[in-house]
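These notes are about the structure you will find just below.
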Amino acid sequence: MKLFLFVVILATFACAQDNAAAPSVPPNQPNDQQNGQQNDQKARTLIDQALQALGGPAYIGIQDISQEGRTYSFHLGRPNGVGTVFWRFYAYPDKERIELTKKRDVIYLENGDKGYEITFKGTRAEDPKDRLDYQRRHHYALDVVLREWLHQPGTALFYDGQAVAEQKPAQQITIMNAQNEALVLYLDDNTHLPIKKSFSWRDPTDKQRNVEDEVYDNYRPVQGVMTPFDVTRYFNGEMSNQRFLNSVKYNQNLNPSLFTASITYGSDTPPKH
């Protein structure tokens, strides 16, 4: 009997020693930190592939863009008309000029924190709501995200797995900056080119969450840059705008005067007749 008790005590002591030496995390439990690093690396690899597919240094080196084409606006998913021709001039990072109609007599200018509308009446400050909408779209613009967000401190990348975008097999990635603003990017499984981007924001007035999507199609090489000639925007699932390009040129050394204007009328000043 004494011998039996001695064996039991010895076995208990040995078991306690084994438990003390065992790791606190069960061996079958995933290592969250390691998985997170692998997820981040997967996302960054896919982003690098996308940048190379877009043109690599040629894409990163874009300083200005000149476009001509036709644009269509929609309301509640239905077209507002037959569309209109447009000319667009963009200087990285925050200057844009859009000329509408065949006479090019309706012009919208964006220059940093200022916006203008130019018509036969003269030049006035851009409508505050239109200005806010433009600033939001520009903040989430694909070139801004790929050329700026990725290099900002605190930006995180998440690989979300395989997905389907515009009926194409895709890889889904979320890019989140230090302000917890997120953009979801869908990359073509075969070409690695962006198919679609999506972001959401909350309306400060009604507190409702809105989702904006942009779809890229009909890619063609232009000066070493793979360029989508068809771009479609959606607002809360309904089509809001389409652009079809006829021509694109890069790095034409645009004149800065294209993006400057002086207000000639406003709420306190009547337009010129």
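The values are calculated or read from the model by the stated rules, or taken from the named source; none is laboratory data. Given the structure is predicted, the values throughout are model-derived calculations rather than measurements. Here the Cβ positions follow ideal geometry from the backbone for every residue, glycine too, while neighbour counts run over all protein chains shown.
Things worth noting here:
- Members of the stretch 74-116 found to be surrounded by fewer than 15 Cβ atoms within 10 Å (Cβ to Cβ) and among the small types (Gly, Ala, Ser), listed by number: Gly77, Gly81, Gly112
- Of the residues making up the stretch 215-248, those that are touching a residue at least 40 places away in the same chain (Cβ under 8 Å) and of a type in the set (S, T, N, Q) are Gln223, Ser240, Asn241, Gln242, Asn246, Ser247.
- Meets criteria (over 30 Å from Thr191 (Cα atoms) and assigned to a loop (DSSP other than H, G, I, E, B)) for Lys129: no
- Among the residues of the stretch 168-188, the one identified as part of a loop (DSSP other than H, G, I, E, B) and closer than 17 Å to Asn39 by Cα is Asn177.
- Residues that are crowded, with 17+ Cβ neighbours inside 10 Å, touching a Phe, Trp or Tyr at 6+ places or on another chain (Cβ under 6 Å) and either in a helix (DSSP H, G or I) or among the basic types (Lys, Arg) (or both) are absent from the stretch 134-141.
- Considering residues of the stretch 194-217 that are farther than 18 Å from Leu51 by Cα and of a type in the set (Val, Ile, Thr) only, the residue surrounded by the most Cβ atoms within 10 Å (Cβ to Cβ): Val211
- Condition met for Arg220 (surrounded by 14 or more Cβ atoms within 10 Å (Cβ to Cβ) and touching a strand residue (DSSP E or B) at 6+ places or on another chain (Cβ under 8 Å)): no
- Output for the stretch 189-228, where each listed residue is of a type in the set (A, V, I, L, M, F, W, C) and either assigned to a strand (DSSP E or B) or closer than 15 Å to Asp133 by Cβ (or both): Ile195, Phe199, Trp201, Val211, Val215, Val222, Val225, Met226
- Where a residue in the stretch 53-68 is within 21 Å of Arg97 (Cβ to Cβ) and its partner, wherever it lies, is of a type in the set (Lys, Arg) and buried (at least 16 other Cβ atoms within 10 Å of the Cβ), with Cβ under 6 Å and at least six apart: Gln67/Arg88
- Each residue in the stretch 120-133 was checked for being surrounded by 14 or more Cβ atoms within 10 Å (Cβ to Cβ) and either in contact (Cβ under 8 Å) with a residue 60 or more places away in the chain or farther than 16 Å from Asp94 by Cβ (or both), and 4 of them qualify.
- Selected residue (criterion: nearest to Asn218 (Cα to Cα)) from residues of the stretch 175-193 that are buried (at least 16 other Cβ atoms within 10 Å of the Cβ) and β-branched (Val, Ile, Thr): Val184
- Residues of the stretch 230-239 that are more than 17 Å from the chain's Cα centre (by Cα) and either crowded, with 19+ Cβ neighbours inside 10 Å or of a type in the set (A, V, I, L, M, F, W, C) (or both): Met239 alone.
- Flag if Leu193 is at pLDDT 95 or above, more than 27 Å from Glu110 (Cα to Cα) and in contact with an Asp or Glu (Cβ under 7 Å, 6 or more places away or on another chain): no
- Inclusion of Glu99 among residues that are of a type outside the set (A, V, I, L, M), free of Cβ contacts under 8 Å to residues at least 24 places away in the same chain and not in a loop (DSSP other than H, G, I, E, B) is warranted.
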